[in-house]
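**Q** For reference, the structure I am asking about is given below.
The values are calculated or read from the model by the stated rules, or taken from the named source; none is laboratory data. Bear in mind that the values here come from a model prediction, so they are computed numbers and not experimental data. Note that each Cβ is placed from the backbone with ideal geometry, even for glycine, and that neighbours are counted across all protein chains shown.
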Amino acid sequence: MAQKKEKKEEVPLEEDVVEGVDAEEEKDEVNGEANQSEEPKEKIEVTPLFLAREEAEMYKDRWMRLAAEFENYKKRRAREFEILVESASEEVIRDLLPILDSVGRALAHSENEDTESEGFQEGIKMIMEQFPRVLYNRNLKEIETVGKPFDPTVHEALMQMPSEIHDVGIVSEEIEKGYSLSDKVLRPAKVVVSQGKLALETPEGDDVADKQTQ
């Protein structure tokens, strides 16, 4: 009976040994896989061509970003300019409405053939006062002419004439008014330029002839 018990106890020992061997083999396999995964990857060779391509890609990306930003800037500025023009036009039209009313009143008198009436004259006077004021409030200026030196950038000389008042090169007469807007010439003034005082010609030929006869 004792021998039979000893044999029965040997069976579990063999199973423990087999299980231990299997565990060792599994551990070795895991360690092997880990070692394989830890093997160094293949290094990329850094050449001048590779660096040049990387730099080109960087500049290309930067250029595309700047181009997109500039395009958005142009669209935004165009829209702002349109809004500014619309606002300016609205303001000018609003200021011109009183002048339009004055023109209407003057025309009403002219239709009745009453152009010599006080109402018609008053309407014309109001127009000539209001209209320039609207323009001058927007930096429109008349170009100075008479008594000023001739300036080809703002004056257009139609002729030259002698003048007893003005020296040579001085504007002596204004034919048509000129205007500038914010220092930009819209229309040059048409003027007459002085040649100075008219020189009195002495009959030198007659004097010589008289001397010869004497």
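**Q** Any chance you could count how many residues in the stretch 125-173 are more than 30 Å from Val92 (Cβ to Cβ) and among the aromatic types (Phe, Trp, Tyr)?
**A** 1
**Q** Determine, yes or no, whether Thr153 is surrounded by fewer than 13 Cβ atoms within 10 Å (Cβ to Cβ) and either over 11 Å from Ser194 (Cα atoms) or not assigned by TED's automatic domain parsing to the domain that holds Pro188 (or both).
**A** yes
**Q** Which one is farthest from Val134 (Cα to Cα) among residues in the stretch 63-90 that are more than 13 Å from the chain's Cα centre (by Cα) and acidic (Asp, Glu)?
**A** Selected residue: Glu69.
**Q** Can I ask one more? Sort through Leu181, Leu198, Leu186 and tell me the only one that's surrounded by fewer than 15 Cβ atoms within 10 Å (Cβ to Cβ) and touching a Leu at 6+ places or on another chain (Cβ under 7 Å).
**A** Unique residue meeting the criteria: Leu181.
**Q** Exactly one of (1) farther than 30 Å from Arg133 by Cα; (2) assigned to a helix (DSSP H, G or I); (3) of a type in the set (A, V, I, L, M, F, W, C); (4) at pLDDT below 85 is unmet by Ile44. Its number?
**A** Exception for Ile44: condition (2).
**Q** Of the residues Val92, Val168, which is in the same structural domain as Val192 (by TED's automatic domain parsing) and either closer than 13 Å to Val192 by Cα or in contact with a helix residue (DSSP H, G or I) (Cβ under 8 Å, 6 or more places away or on another chain) (or both)?
**A** Val168
**Q** Test of understanding: among Glu80, Glu122, which residue is outside the structural domain of Val171 (by TED's automatic domain parsing), assigned to a helix (DSSP H, G or I) and at pLDDT 85 or above?
**A** Matching residue, one of Glu80, Glu122: Glu80.
**Q** Limited to the stretch 125-174, what total is found for residues that are of a type in the set (Lys, Arg) and not in a loop (DSSP other than H, G, I, E, B)?
**A** Here the count works out to 3.
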